[in-house]
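Take a look at the structure below.
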There are 4 protein chains.
Amino acid sequence: MLKIGLLGAGRIGNVHAKAITSHPRSALVAVSDINTDAAAKLATQYRAEARSSLDIVNDPAIDAVLIATSTDTHSDLIEAATKAGKAVLCEKPVDLSLERARACQIAAGATGKPVMIGFNRRFDPNFAALKAAADRGDIGKMELLSITSFDRAPPPVSYIRVSGGLFRDMMIHDFDMACWIFGGAPRTVTTIGSSLVDPDIGAAGDVDTAAVTLKFADGRIAVIKNSRRACYGYDQRIELLGSEGLLSAGNILENTVTKATKGGVTGAKPEFFFLERYMRAYSIEWNAFVEAITSGSALPVSLDDGVKALAVAEAATRSLATGQIVRLADIL
Amino acid sequence: MLKIGLLGAGRIGNVHAKAITSHPRSALVAVSDINTDAAAKLATQYRAEARSSLDIVNDPAIDAVLIATSTDTHSDLIEAATKAGKAVLCEKPVDLSLERARACQIAAGATGKPVMIGFNRRFDPNFAALKAAADRGDIGKMELLSITSFDRAPPPVSYIRVSGGLFRDMMIHDFDMACWIFGGAPRTVTTIGSSLVDPDIGAAGDVDTAAVTLKFADGRIAVIKNSRRACYGYDQRIELLGSEGLLSAGNILENTVTKATKGGVTGAKPEFFFLERYMRAYSIEWNAFVEAITSGSALPVSLDDGVKALAVAEAATRSLATGQIVRLADIL
Amino acid sequence: MLKIGLLGAGRIGNVHAKAITSHPRSALVAVSDINTDAAAKLATQYRAEARSSLDIVNDPAIDAVLIATSTDTHSDLIEAATKAGKAVLCEKPVDLSLERARACQIAAGATGKPVMIGFNRRFDPNFAALKAAADRGDIGKMELLSITSFDRAPPPVSYIRVSGGLFRDMMIHDFDMACWIFGGAPRTVTTIGSSLVDPDIGAAGDVDTAAVTLKFADGRIAVIKNSRRACYGYDQRIELLGSEGLLSAGNILENTVTKATKGGVTGAKPEFFFLERYMRAYSIEWNAFVEAITSGSALPVSLDDGVKALAVAEAATRSLATGQIVRLADIL
Amino acid sequence: MLKIGLLGAGRIGNVHAKAITSHPRSALVAVSDINTDAAAKLATQYRAEARSSLDIVNDPAIDAVLIATSTDTHSDLIEAATKAGKAVLCEKPVDLSLERARACQIAAGATGKPVMIGFNRRFDPNFAALKAAADRGDIGKMELLSITSFDRAPPPVSYIRVSGGLFRDMMIHDFDMACWIFGGAPRTVTTIGSSLVDPDIGAAGDVDTAAVTLKFADGRIAVIKNSRRACYGYDQRIELLGSEGLLSAGNILENTVTKATKGGVTGAKPEFFFLERYMRAYSIEWNAFVEAITSGSALPVSLDDGVKALAVAEAATRSLATGQIVRLADIL
């Protein structure tokens, strides 16, 4: 039984606590949070101890930590935990600074400890089925990938200000998805973006609606669209055109009921937001982490993947600023 | 915290054990099964005790029992448990004999203890949403209900022989659904059926493919189709035509991925079987039971509902045998 | 070039006039109607002559007639036209009286002239594709057929009174469809029906909502549902369960646009009514008639098929009246 | 009755001949083609005369010409026909040279004669319904437009060489669509493209797979994806995200039949190619032209629209060559 320390008892920490507890081979033993009440409450619910992050990281009885704290602490905690000999599953992104993330990559790499980055969408059964079909050759040679990723509603501008911007905070998931599906990093990145949803987001120097095109080796193309607002639900879809067909992964709807009336045929909306849509993905993600660190096999998402996605986000940010196509080689 | 005894540790017992344990206000304390190894194994997994059914029923420390044993024991256990002062959730059907079920209804009724019958499909979020929309008047006056209910594959003939036949074993779910949606019992029942899937089912005196039409008060009509085999997945759909529209509740698919090739556009199959399709329904059902017995409010499915569905099954069986439309008043 | 006389210049006559004219191997030369203005108008539009039905039937220069007059004239016109040596395409039903239809069948049969009955739905590309797939064995052995056939809105009661009732007027299409798909006539017919849509229809002695079950040789089952009102559009769907799968033919929607908002995802309704839904079918039907009579090959729908469907309608009517399962052998 | 001369008797000329003839207020009187046999054949079929293009253009008895000849003749014929006092419907593009197109725009404009460019997709009932819903405000403020436009299979390289390249030949339809939906021209154009489908297309200096992003006034964004090959059918879809919802217009499928088997649920492919998909659009387009020139109302697609789309194509071509975002103001 793996003994797990959970760093961060917020919304996503709660999701992870449930996954850790439900898994037959992992037990939640300790929880930390800068909000000690939150840590205490979550610890009580799962009969774990509320402790400080440092305490947990340095406790030799704990096998692995799950880092679900605020982004600015990720790199430090990854370094501390790996130095202390722990396996790590850390929420995305590694860091807002590509430089800092690369330093972390080197430091953690030196310990030889496994560090997995929580790109939860790879574990969504729909996206995973699309990827598996593509890898199986179901649509021949992959050519053109489209990712639609719209949030339900924009976060408060206070969050936007510390988020690192749309590309590091939100589209980073899609950068990882594109790199994962095509198996590699893009060569060039082109960005356009606007503040259409909330003028305060624009005033804060960020965009809330954006389209990025990526060109990969051999000319393969990925198109990513993001909006901070889709009032009809969390819109998460992927299409992949290949030489012999098209794969599409659609939204999960709230239910399967339709109503036909004089006004048309109405069905349910997509699931509300990421906690609903990706609830199964979080538990599959945790299972994959447990499998990898107990069997010693390769992690399904590595720290390198986290750095790669961050580099693409950096390139996208730069393309938006300069109005030019940016080569990833100029970033990495 | 409600202390729960689970009678029956088979496939469906396992499903209920998980629901009982996951609920914040119920705890699984005891498990029984005629297969004592199965009871022991399930008890160990959830840190409960393996005991005999009688022991559990008569233990004053236990608040409620969930009966998931074989059908022939349902009536006896309902009577014993209610006499011992327990609330009961019993799997369908109440009994294969309508006479025995009615005796049980009287005996249990005399104790004043709540007895709920496990018509799990009422708790499926899709069917529940359809029912709610119809009750809200979304499609005006209800007129014509269609239920499609096809199993994945036929059970072994040894099971068919003790099952009470298609109408008491399988279509009883649909009879309950029709009575629930229309709010009442049908006046007449008309049946045709055949053995098309497995000739051994026919040789055993049962049918494996059947269509039943029900006529309710005010002329409303329900059509139910059953087949023991839908090789593409468990097919569970409802349509309800009203004066102002049509409501439809469809299948839940294994995933949302489609593949377009020269051969057409292929999507996933419906979920495999009832454990997959109704997994959420079982946990919602358990929650509804806990709510009702702790608040003292009316049960969402009563023992009377169980007897009513059995009476319709009896009428359907008789219509098949006689080739005539059967009046429910001649049965009840 | 086939010279065609069109008997009947009403709504459906207009549809046929267009199909006849558009076909490269048929020319509309004459039109009749009891409303001579209607005949004159249609004749002018297509540069044909307005004449009396008898005149047309007896004109040796005319090769074939299309009968689109009122039902009570069908048998007489079929007999007159075949006696005059013409090929005939006659709208359904052959007659409201099974006896009269059978007399017509004998008289027309004696002439050896081809008579096709206009069961237009067989020529719908969707239903034809379903039938072709089933015949190809795509779903193994056919077992259970379901036909949903709802009209947009009920006709005036004045029409109901002369219509022959729901089964001869409306469900006769579905009887033909079931016989065509399964390849034969049912052995038994069971009917329930109600007047739910318009009480005046009930007062006129007819039903407006009905469910009929048919049992065919080898036990195969067909279920047909009819309603005179589906406010959301003309609802025409077929499902066919087989030992190795399920075929479904759905509605054609008005367009492919969907709108996702806070209230759900809304798409277009099914096409409005039969003229919209079956417009392509009418032209394919005419082409099939031309092909058959010019090549001398078998008609795709024979007069026998028309009589068979009428016999099933007769059985359904009798089952509704008696509350018993009716054997078709007792009708034919 | 408008007397129409058709210049060009190829594949698309045949489509137009049918639309002209079927319209109650237009008659096809003359046909020309450099292949005189083709012209003669088409003329015979519709009882028109085969003549030379110049003859037709200069015949005062002819009211309007439809130009469906090769692209390199469009500008000259528009100029000649308008100078001769005729209304013109000309297939897209106006010209491959933006400079020549603008000269034609000036010359034709000076005559005051109406010139409509055949952007047929605007008349597709699905896209038209999407546009109407957006203009009605159904999804609030428009923000992000996505156009997917994949051909069935690449044309021969010999055609590619004279086509003007993907952006002027194929994506020009999508540029017009984006300008039409958003009501204006984009400010900036960003392009990436590859030759993935056929290396000979790359060798000929063109791309066969491309993604273009357009930024409009007020920051609105359009994303266009093109591929020369979608083996599963002609893929023509539009999505439009607004502040209050999402509109989507999907493909028209070959039929509505689905087949569920162990392998999944398979439905029909999208319609084969543009003649199938846009058959209705061509007849609606012709009707719109007739309406406009007979009523004197504004043309639904003007020559200016044709020049605007060509300018965007020019910008996209330049962006691909330079790897930079191109401002439309630098082109026009």
For A:LEU2, state whether it is under 28 Å from A:LEU98 (Cα atoms) and out of contact with any Gly (no Cβ under 7 Å at 6 or more places or on another chain).
no
Residue in the range C:24-41 that is farther than 30 Å from C:PHE167 by Cβ, in contact (Cβ under 8 Å) with a residue 60 or more places away in the chain and outside the structural domain of C:VAL162 (by TED's automatic domain parsing) present
yes
Meets criteria (in contact with a Ser or Thr (Cβ under 8 Å, 6 or more places away or on another chain) and either under 20 Å from D:ARG237 (Cβ atoms) or basic (Lys, Arg) (or both)) for D:ASP208
yes
Taking the range B:204-225 on its own, how many of its residues are farther than 15 Å from C:LEU214 by Cα and touching a residue at least 40 places away in the same chain (Cβ under 8 Å)?
9
Residue tally, condition within 14 Å of chain C (Cβ to nearest Cβ), among the acidic types (Asp, Glu) and in contact with a helix residue (DSSP H, G or I) (Cβ under 8 Å, 6 or more places away or on another chain), over the range B:152-184:
0
In the range A:43-58, the residues that are surrounded by fewer than 18 Cβ atoms within 10 Å (Cβ to Cβ) and part of a helix (DSSP H, G or I):
A:THR44, A:GLN45, A:LEU54, A:ASP55, A:ASN58
From the list D:ALA268, D:ALA315, which one is assigned by TED's automatic domain parsing to the domain that holds D:GLY193, crowded, with 24+ Cβ neighbours inside 10 Å and among the aliphatic types (A, V, I, L, M)?
D:ALA315
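Residues are listed down the side, and each one gets a yes or a no for (1) among the aliphatic types (A, V, I, L, M); (2) touching a strand residue (DSSP E or B) at 6+ places or on another chain (Cβ under 7 Å); (3) more than 7 Å from every other protein chain (Cβ to nearest Cβ); (4) not in a strand (DSSP E or B):
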residue	(1), (2), (3), (4)
D:PRO186	no, yes, yes, yes
D:THR191	no, yes, yes, no
D:VAL197	yes, yes, yes, yes
D:GLY202	no, no, yes, yes
D:VAL207	yes, yes, yes, yes
D:LEU214	yes, yes, yes, no
D:ASP218	no, no, yes, yes
D:ILE224	yes, yes, yes, no
D:TYR232	no, yes, no, yes
Heads up, the helices (runs of 4 or more DSSP H) in the range D:86-178 (entirely inside) with at least 2 residues that are out of contact with any Asp or Glu (no Cβ under 7 Å at 6 or more places or on another chain) and closer than 23 Å to D:SER297 by Cα are D:98-111, D:125-135
Counted residues, the range A:59-77 - those being assigned to a loop (DSSP other than H, G, I, E, B), over 20 Å from A:ILE172 (Cα atoms) and of a type in the set (A, V, I, L, M, F, W, C):
2
Of the residues in the range B:144-168, those that are surrounded by fewer than 22 Cβ atoms within 10 Å (Cβ to Cβ) and among the charged types (D, E, K, R) come to B:ASP151, B:ARG152, B:ARG161
Look through D:LYS269, D:LYS259 and report the one residue that is at pLDDT 95 or above and touching a Lys or Arg at 6+ places or on another chain (Cβ under 8 Å).
D:LYS269
Per the filter on the range A:245-268, residues within 9 Å of chain C (Cβ to nearest Cβ), closer than 15 Å to B:LEU130 by Cα and not β-branched (Val, Ile, Thr) are A:LEU253, A:GLU254, A:LYS259, A:ALA260, A:GLY267, A:ALA268
Restricted to the range C:132-144, and to residues that are more than 10 Å from chain D (Cβ to nearest Cβ) and either of a type in the set (A, V, I, L, M, F, W, C) or touching a helix residue (DSSP H, G or I) at 6+ places or on another chain (Cβ under 8 Å) (or both), which residue is farthest from C:SER243 (Cα to Cα)?
C:LEU144
Reported set for the range D:20-33 where residues are in a helix (DSSP H, G or I) and buried (at least 23 other Cβ atoms within 10 Å of the Cβ) is D:ILE20
Looking at the structure I just gave you, is D:GLY242 over 18 Å from the mean Cα position of the chain (by Cα), more than 7 Å from every other protein chain (Cβ to nearest Cβ) and under 21 Å from C:ALA260 (Cβ atoms)?
yes
B:PRO125 versus (1) farther than 22 Å from A:ALA268 by Cα; (2) under 19 Å from the mean Cα position of the chain (by Cα); (3) not charged (D, E, K, R): which is the lone unmet condition?
(1)
Out of all the residues in the range B:54-69, is one or more hydroxyl-bearing (Ser, Thr, Tyr) and without any contact (Cβ under 8 Å) to a residue 40 or more places away in the chain?
no
Contact list please: Cβ distance under 6 Å, first residue in the range C:269-295 and free of Cβ contacts under 8 Å to residues at least 60 places away in the same chain, second residue in a helix (DSSP H, G or I), pairs at least six apart or on different chains.
C:GLU271/C:ARG277
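The values are calculated or read from the model by the stated rules, or taken from the named source; none is laboratory data. None of the values given here were measured: they were computed from a predicted structure. Neighbour counts are summed over all protein chains in view; Cβ atoms, including those assigned to glycine, are modelled from backbone coordinates with ideal geometry.
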